[in-house]
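Chemist: Starting off with a structure, shown below.
The values are calculated or read from the model by the stated rules, or taken from the named source; none is laboratory data. Since the model is a prediction, treat every value here as computed from it, not as a measurement. Cβ sites come from the backbone with ideal geometry, for glycine too, and all protein chains shown count toward neighbours. Note: accessible area is taken over every heavy atom of the protein model, side chains too, but ligands, DNA and RNA are not part of it. Shrake-Rupley method; radii C 1.70, N 1.55, O 1.52, S 1.80 Å.
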Amino acid sequence: MNTNGDTLQETVTLSQAKALLKCLAHEQSLLLLSAPGMGKSDIVKQAAQEANLACRSLLGTQIAPEDVSGIPRIVGERSVFCPPRILLPEAPEPFCLFLDELPACTPDIQKAFYALLLERRIGEHQLPKGTWVVAAGNRAEDQALVRTISSALVNRVTILHIRIDVREWLIWAKANGVRSEIIAFIAFMPEALMRPVPRAPAPFSTPRAWAALSAALDLVEAAGLANVEIRRALAFGRLSPEDAAVFCAMAEHQIRDLLPVREYVLNTDKIPKENAARWFVLNRIRTAAQRGDLKDIPAEVIDRMLRSLPEEHRFALLVDMVEIWAGLGASQAMFAALADVTGLPDFTDFTDL
């Protein structure tokens with residue numbers, strides 16, 4: 001518990017989750033939880049493929065209890081439950097059983113999974129040795145279709161809370177043909193990769209949404225339909241409005257090959273010379289300073305960055321943020337800015353004042 005009485009929650013990245021699946025899933029059942037669109041299903045399928053296991057999926061919102069426990073038939077004077085083929089195929093080979101949207105299941109379906117999750121058993125039938133049992137779903141706070149997970153089910157699985165790692169996603173995006181302007185945009189605005197789920201049902205930015213936008217832009221280009229209006233329609237139909245607006249503005253001004261914000265702080269020579277791109281970068285530097293993303297950069301580097309900028313650009317960064325920049329060590333730059341305005345001497349060595 002933290003000081004507010006809230007339960008602390010440890011998280012893992014998708015690549016860490018994949019490694020844990022390959023290590024544990026043949027003996028222990030795991031449940032991956034995260035916001036929608038983060039790639040949980042894909043990572044399960046990738047892990048199974050790398051382990052040479054066929055992946056068979058059950059969608060929790062589209063099954064009935066008998067789809068898990070099986071249908072009874074009479075054999076002699078006894079009833080025998082015949083498990084569904086997807087859960088117990090004829091060939092006794094291990095496979096990956098993926099229970100998608102498990103938290104969205106009704107209580108009776110959750111109950112049907114108890115023996116499967118804990119004992120790898122369907123009625124009187126054992127799953128083939130080495131079979132994985134992996135579940136995934138969204139969290140209650142994500143405003144998705146989620147029901148309360150019973151304590152009995154929780155105690156039968158290892159729950160892994162998934163977080164997004166921007167570097168991991170960028171590596172994946174480059175390897176999977178995501179458009180270069182989207183990769184550049186996320187490298188420059190990493191917070192845009194995953195936005196909070198909005199209260200009202202509306203598009204919002206997720207790794208899945210960015211990948212889908214990339215594929216859609218490829219398709220409309222191939223069909224000869226690409227233009228400003230189409231790009232905006234597709235972006236606003238997939239992303240959070242603020243991300244769609246900035247992404248389209250960058251594309252329309254042909255602002256490309258942007259670097260992470262820290263690169264511009266460390267070396268101001270890399271700040272674009274083109275006016276629209278330059279002001280875009282300066283605005284991102286302001287935002288990074290406001291969010292505290294520059295706190296680990298040495299004070300002398302911050303000060304040097306500000307002092308190296310033309311007067312109008314330095315003031316654009318300093319306005320309404322004097323206290324923030326002072327906290328980052330930019331005192332000398334602010335004295336220089338004051339000298340520019342007042343015509344007073346530039347007291348850059350103020351340590352004896």
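Chemist: Determine, yes or no, whether Glu10 is at pLDDT 95 or above, open to solvent by 50 Å² or more (accessible area, probe 1.4 Å), more than 26 Å from Pro203 (Cα to Cα) and within 23 Å of the chain's Cα centre (by Cα).
Modeler: In short, no.
Chemist: Scanning for something modelled with pLDDT under 75, in contact with a Cys (Cβ under 7 Å, 6 or more places away or on another chain) and not aliphatic (A, V, I, L, M), does the stretch 67-80 turn up at least one residue?
Modeler: yes
Chemist: So, of the residues in the stretch 300-350 that are assigned to a loop (DSSP other than H, G, I, E, B) and of a type in the set (Gly, Ala, Ser), which turns out to be modelled with the highest pLDDT?
Modeler: Out of the qualifying residues, it is Ser308.
Chemist: Hey, Val246 hits all of (1) more than 24 Å from the chain's Cα centre (by Cα); (2) under 30 Å from Pro298 (Cβ atoms) but one; which does it fall short on?
Modeler: (1)
Chemist: Select the helices (runs of 4 or more DSSP H) contained entirely in the stretch 89-197, then report the ones holding at least 1 residues which are within 19 Å of the chain's Cα centre (by Cα), within 28 Å of Leu258 (Cα to Cα) and in contact (Cβ under 8 Å) with a residue 40 or more places away in the chain. Steps first, answer last, please.
Modeler: Values: elements: 107-112, 114-119, 151-154, 166-175, 180-188.
Helices (runs of 4 or more DSSP H) meeting the threshold: 166-175, 180-188.
Chemist: Still on this model: Of the residues Leu118, Leu102, Leu88, Leu97, which single one is farther than 17 Å from Leu32 by Cβ, aliphatic (A, V, I, L, M) and either surrounded by fewer than 17 Cβ atoms within 10 Å (Cβ to Cβ) or modelled with pLDDT of 80 or more (or both)? Give the steps one after another, and end with the answer.
Modeler: Values: Leu102 fails: farther than 17 Å from Leu32 by Cβ; Leu88 fails: either surrounded by fewer than 17 Cβ atoms within 10 Å (Cβ to Cβ) or modelled with pLDDT of 80 or more (or both); Leu97 fails: farther than 17 Å from Leu32 by Cβ.
Just a single option satisfies the conditions, and that option is Leu118.
Chemist: Let me ask something else. Scan the stretch 264-293 and report the pairs whose first residue is in contact (Cβ under 8 Å) with a residue 60 or more places away in the chain and whose second residue is crowded, with 19+ Cβ neighbours inside 10 Å and assigned to a helix (DSSP H, G or I), with Cβ atoms within less than 9 Å and a gap of 6+ or a chain change.
Modeler: Hits for this filter: Arg284/Phe188; Arg284/Val261; Arg284/Tyr264.
Chemist: Does the stretch 27-52 hold any residues that are assigned to a loop (DSSP other than H, G, I, E, B), open to solvent by less than 80 Å² (accessible area, probe 1.4 Å) and either modelled with pLDDT under 95 or of a type in the set (Lys, Arg) (or both), and which are they?
Modeler: Scanning the stretch 27-52 gives Ser29, Ala35, Pro36, Gly37, Met38, Gly39.
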